[in-house]
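Inspection log for the structure reproduced underneath, given as structure tokens.
The values are calculated or read from the model by the stated rules, or taken from the named source; none is laboratory data. In this text, all values refer to a predicted model and were calculated from it rather than measured experimentally. When we count neighbours, we look across all protein chains shown, and the Cβ atoms used for this are built from the backbone with ideal geometry, even at glycine.
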Amino acid sequence: MEYFEEQKRIWAVLMRGGTSRGLYVMRGALPADPTLRDRVILRMYGSPDIRQIDGIGGADSLTSKLAIIGPPTRRDADVDYTFAQVSITAAKVDYAGNCGNMSAGVGPFAIDQGLVDPVEPFTTIRIHQTNTRSIIIATVPVIHGKAAIAGDYHIDGVPGTGARIDLDFADAAGGVTGKLLPTGNVLDRLNVPGIGILDASIVDAGNPCVFVRASDLGIKGSETPAVIDGNLDLNDRLERIRGMVAAQLGFVERWSDAAQASPYVPFIVLVSPPTDYTDFVTGQTIRATQVDLVARLLFMLKMHKTYPVTGTVCTGVAAKIPGTLVHDLLSFESRTQSSVSIGHPAGIITIDTIVEKNDADFKLVRATLSRTARRIMEGYVFIPWSTWDETKH
């Protein structure tokens, strides 16, 4: 950090990782004190403010994300990566889980910054994901000693194509709660305040997710983000369900605390059988024959406009565990293949997943999918000096 007139500056890179975007900063560039660090991060993004007008945030949870990168603190890793979800409406930086899309940018960032030695045509990087205490294996294409950008791989939710980055999340089982099935059950019957008895499957792989049937909440499950976000009664019920599970898993004391104390995890996912619906971004029709199930995922109290990678990992894992709501939605053919294609609001995301039965438990063997990433700009983020002054807060 350096002084510049009345502000300090922090070097950072703005990158798109998958369908998310945010700053990638070196660990040593941020204050070591956690309280001061979070104040600085909030100032970077202009939070709390629904427009984030005085920072780099894009007034959307998908662009209010931060990746903190540093040398590895584990011998079996090449680089450390800590994810931070920056709230738009509250003065909170949430480190409870990971963002798989931002994970896609870690390998290219590490290569371009000289944190790992580039190997052509592909460099394999073992990323220590500190939030979930797991290893993500990234395979990054390299050209002329730098991470490749150009390529013919397309991901729904991002215009154009790019170089394909493969990510393996096989080590992500139980990363947040310590167990792949946090309650020990493939299916739980929840008694939710104000709702009553409801079936749910709770799985922790990538990030913990609460899966519920869309039909149990009176919707089709193929609605657009605007429709779901605009249904205040539905959102209240979803937060009651999510909050109850957050309390059950020990994230909060009372379900009503979850919106403030644990807005990021667990994710809540509305699942439904394959059906035709319209991609709200392109206007194209997603056919029922193209997907194994349809899903709508909410995080940070809003519906995800595409589908998070960690949510994809968890959905793919749940699809391979007999008895979960996700598994029960699949056709016989879909249950027998390793790939799972999920229909989301802006298209389709596919993951290759292998889960093996291990006595009375299940073991995640493989969870791979592909993304693209791109460095957009680099330079300094300026932070007013008053952010460092305790007397100003």
Residue satisfying all of: in the range 185-199; assigned to a loop (DSSP other than H, G, I, E, B) and modelled with pLDDT of 95 or more; surrounded by the fewest Cβ atoms within 10 Å (Cβ to Cβ) among these: Asn185
Over the range 299-313, the set of residues among the β-branched types (Val, Ile, Thr) and either surrounded by fewer than 24 Cβ atoms within 10 Å (Cβ to Cβ) or within 10 Å of the chain's Cα centre (by Cα) (or both) is Val309, Thr310, Thr312, Val313
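Quick one: would you say Gly151 is outside the structural domain of Tyr307 (by TED's automatic domain parsing) and surrounded by fewer than 19 Cβ atoms within 10 Å (Cβ to Cβ)?
Yes: the conditions hold for Gly151.
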For the subset of the range 207-227 comprising residues that are part of a helix (DSSP H, G or I) and within 21 Å of the chain's Cα centre (by Cα), which member is surrounded by the fewest Cβ atoms within 10 Å (Cβ to Cβ)? Ala226
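So, of the residues in the range 93-139 that are β-branched (Val, Ile, Thr) and closer than 13 Å to Ile68 by Cα, which turns out to be surrounded by the fewest Cβ atoms within 10 Å (Cβ to Cβ)?
Of the residues in the range 93-139, the ones β-branched (Val, Ile, Thr) are 93, 106, 111, 116, 119, 123-125, 127, 130, 132, 135-137, 139.
Now drop any that are not closer than 13 Å to Ile68 by Cα, which leaves 93, 106, 127, 130.
Details: Val93: 21, Val106: 30, Ile127: 23, Thr130: 19.
Filtering the range 93-139 for residues that are β-branched (Val, Ile, Thr) and closer than 13 Å to Ile68 by Cα, the one surrounded by the fewest Cβ atoms within 10 Å (Cβ to Cβ) comes out as Thr130.
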Selection over the range 93-129 where residues are charged (D, E, K, R) and either assigned by TED's automatic domain parsing to the domain that holds Val265 or part of a loop (DSSP other than H, G, I, E, B) (or both) yields a count of 2
Note on Pro159: of the conditions (1) touching a strand residue (DSSP E or B) at 6+ places or on another chain (Cβ under 8 Å); (2) in a loop (DSSP other than H, G, I, E, B), unmet is (1)
Give the residues of the range 80-92 that are crowded, with 22+ Cβ neighbours inside 10 Å and either part of a strand (DSSP E or B) or in the same structural domain as Gln260 (by TED's automatic domain parsing) (or both), sorted by residue number. Tyr81, Phe83, Ala84, Gln85, Val86
Pair list, Cβ < 6 Å and 6+ apart or interchain, from the range 46-62 residues that are within 21 Å of Phe267 (Cα to Cα) and part of a loop (DSSP other than H, G, I, E, B) to residues that are at pLDDT 95 or above and charged (D, E, K, R): Ala59/Arg51
